[in-house]
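What follows is a short report on a single structure.
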Amino acid sequence: MHPTIARYASTRDLLASATAAAAQQQQTLRLIDAWRPVADLPALHQTAFAAELAAHLPPPAGFAAALRTRLVWQCTLRTDPDAQGPADHRFQETARRILAATGIATDEDPASCRWALLRLGGHEARLVAPLARPDGSVVDTGRDRSLALAVCQLAESRSTGTRRPRAATAGTAGHRAGLLSTPSPVVSAAARLGRRL
């Protein structure tokens with residue numbers, strides 16, 4: 001999976017963007033996971049869903065303030081379009097790990113942010129999270145891109161059985177040591193022989 005991070009001014013803007021993308025791709029937008037049981041939530045297309053998702057966001061001082069702060073976070077997860085689309089549970093597991101790694105939400109923590117996972121077609125899911133907790137504090141997502149990428153690399157290595165990158169292991173373990181790319185065989189050979197590239 002490959003993650004792409006974006007920020008929005010409101011949940012309505014984000015859901016409108018996701019709905020437009022689904023219509024353009026002629027796909028159905030489905031809610032497959034959330035901070036509480038999906039069956040208990042309003043229907044995805046209803047205004048009540050967006051309002052409940054964003055319940056803890058502070059009211060913006062104005063439209064310009066909302067655009068400036070952009071407190072609605074989205075991580076789009078995409079898989080190889082030439083491969084078979086993964087089952088819902090693979091997107092769900094990866095999304096929950098990303099939420100935990102970034103500090104946005106952890107399972108069974110009532111102080112976490114609200115979030116939802118939307119499935120768009122066979123190869124894409126969108127993880128949505130307003131970044132305000134019930135106590136009014138805002139999550140710091142300064143390293144969200146590298147942490148999400150590390151989680152996805154780890155998930156990919158586990159599914160394919162390949163050796164997982166050290167950065168992916170460190171990112172999900174909470175060490176937050178930064179994202180280090182796996183060196184190519186040429187670079188590794190040069191390092192062993194002490195040569196400069």
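Computed from the coordinates by the stated procedures, all read-outs in this text should not be read as laboratory data. The model shown is predicted, which means the values in this text are computed figures rather than measured ones. Cβ coordinates were reconstructed from backbone atoms using ideal geometry, including for glycine residues, and neighbour counts include every protein chain displayed.
Just want the answer: with Cβ charges of +1 for Lys and Arg and -1 for Asp and Glu, which residue in Leu127, Tyr8, Gly103 is farthest toward the dipole's positive end in the range 1-148? Highest projection toward the positive end goes to Tyr8.
Neighbours of Pro134 by Cβ distance under 11 Å: Lys/Arg scored +1, Asp/Glu scored -1, total 0. Counting Lys and Arg as +1 and Asp and Glu as -1 over every other residue whose Cβ lies under 15 Å from the Cβ of Ala48, the net charge comes to +1. Ranked by the mean number of other Cβ atoms within 10 Å of their residues, highest first, the peptides 88-97, 102-111, 50-59, 124-133 fall in the order 124-133, 88-97, 50-59, 102-111. One chain, two ends: Thr4 and Ala111. Fully extended at 0.36 nm per residue, the span grows by 36.0 nm beyond their Cα-Cα distance. What the Cβ-Cβ distance of Ala39 and His89 gives, at R0 = 22 Å and to the nearest 0.05, is a FRET efficiency of 0.85. Label separation (Gln46 vs Thr69): 2.7 nm, computed from points 7 Å beyond Cα along the C-beta direction.
Note on Ala16 and Arg145: the model spin-label points, each 7 Å out from Cα along the C-beta direction, lie 2.6 nm apart.
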